[in-house]
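The values are calculated or read from the model by the stated rules, or taken from the named source; none is laboratory data. In this text, all values refer to a predicted model and were calculated from it rather than measured experimentally. Glycine also receives a Cβ, built like all others from the backbone with ideal geometry; neighbour counts cover every protein chain displayed.
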Amino acid sequence: MYYFPLQPPYFLLLVGFLAALTSGLALSGTLKVIVQKWSSERTETTKPRSALKQLVVPFIGITGGVCLFLSSGLEIFGFPSLLALGVGLPVSLLTCLLIWLQLGSMLTFAERRGMQSLDLDSFS
């Protein structure tokens, strides 16, 4: 027997997508402000860890939106609700955790060596 939901969660899919999108725009704006502050001040008092504290709330919004989007999408494609959440939650949390760790290391690298060290086009 196939499982077909009576009312697929299209609304939750849209809410998750919009939450991740708006939180991503907030994260982008916050990152731009942090980098502009680094380039204008260039003091040793600003630490990358303090910059990461400013990024926590938008990143949690992205994580929640991605989790809701992924779980709703799996449920639309026929997964039962509990199984869709059981697959969507660990996948999205693990992915977002790895991205958070990479973002922290990139901010630390950019703080130590400057933004010019991240220019990958100059290597070719």
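Some values worked out for this structure:
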read-out: Test: residue in the range 42-63 that is at pLDDT 95 or above, of a type in the set (Ser, Thr, Tyr) and part of a helix (DSSP H, G or I); value: yes
read-out: Residues (hydrophobic (A, V, I, L, M, F, W, C) and at pLDDT below 90) located in the range 1-30; value: Met1, Phe4, Leu6
read-out: Residue count, the range 69-90 (criterion: out of contact with any Ser or Thr (no Cβ under 9 Å at 6 or more places or on another chain) and surrounded by 15 or more Cβ atoms within 10 Å (Cβ to Cβ)); value: 4
read-out: Selection count, the range 64-104, where residues are acidic (Asp, Glu) and not in a helix (DSSP H, G or I); value: 0
read-out: Test result for Gly65, among the small types (Gly, Ala, Ser) and over 14 Å from the mean Cα position of the chain (by Cα); value: no
read-out: Any pair with Cβ under 6 angstrom, 6 or more apart, that starts in the range 73-96 at a residue that is farther than 18 Å from Pro8 by Cα and ends at one that is part of a helix (DSSP H, G or I); value: Leu89/Cys67; Ser92/Val66; Ser92/Cys67; Ser92/Leu70; Cys96/Thr63
